[in-house]
1. Students often check this: by mean Cβ neighbours within 10 Å, which of 45-53, 8-16 ranks highest, and how do the rest follow?
2. How long is the gain from H101 to N68 if the chain were fully straight, where each residue apart is worth 0.36 nm and the alpha carbon distance is subtracted?
3. Taking the Cα atoms only, what angle lies between the long axis of helix 2-27 and the longest principal axis of the chain, rounded to 10 degrees?
4. What shape does segment 68-126 take by its C-alpha gyration tensor, where a ≥ b ≥ c are the square roots of the eigenvalues and a/c under 1.5 counts as rounded, a/b above b/c as prolate, and the rest as oblate?
5. Place a point 7 Å from the Cα of W77 along the Cα-to-Cβ direction; which residues of segment 90-125 have their backbone N under 17 Å from it?
6. Let me know the Rg and Dmax you get for segment 1-71 when you use only its Cα atoms, in Å.
7. Just rank D22, D88, fewest to most, by other beta-carbon atoms within 10 angstrom.
8. So what is the 222 nm mean residue ellipticity for the chain from helices alone, if each DSSP H run of at least 4 adds -39500 (n - 2.57) and you divide by all residues, rounding to the nearest 500 deg cm²/dmol?
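What follows draws every value from the coordinates through simple rules; no lab data is involved. All values derive from a computational prediction rather than experimental measurement. Glycine gets a Cβ as well: all are built from the backbone with ideal geometry, and neighbour counts include every protein chain shown.
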Amino acid sequence: MGKLIRQLIRFGITGGLAFAIDYAAAIFLTEVVKVNYLAASTISFSLAVTFNYILSIYWVFVPSERKNRRVTILLFWLFSIIGLAINDLLIWALVEWIGLHYITAKFLATGVVMVFNFITRKRFIE
């Protein structure tokens, strides 16, 4: 049980840092560079996933020696792409259909994708 709690704490720290990168980049791209909110979100998500990958593999979800490293990397990126699709779809629906501000929509989508990420990485990468 101690390993799971340590992992959850590390996942939270990694996620918090990735969250900061994601939001800072999204706001900068949308408000300063004037990129469409959905394109900005896709770019910022991709930056955060790259950062998250490095910390996740080396600090949070250390892959089992029994698992092929290439398969582990492929799975990480496959689940990240699925997470990006979930993220963008939720943000778009919340902004366009519900009328939420893009930052509020991004915050809600991040919560959903965070759960998806933890479950898939714990199950398939570790």
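1. Result, highest mean Cβ count within 10 Å first: 45-53, 8-16.
2. The H101-N68 span can extend by a further 7.7 nm.
3. 30
4. Numbers: a/c = 4.36, a/b = 2.73, b/c = 1.59.
Prolate, because a/c is 1.5 or more and a/b exceeds b/c.
5. Of the residues in segment 90-125, 125 have backbone N under 17 Å from the label point off W77.
6. In Å, with Rg to one decimal and Dmax whole: 15.2, 47.
7. D88, D22
8. That calculation yields -26000 deg cm²/dmol at 222 nm.
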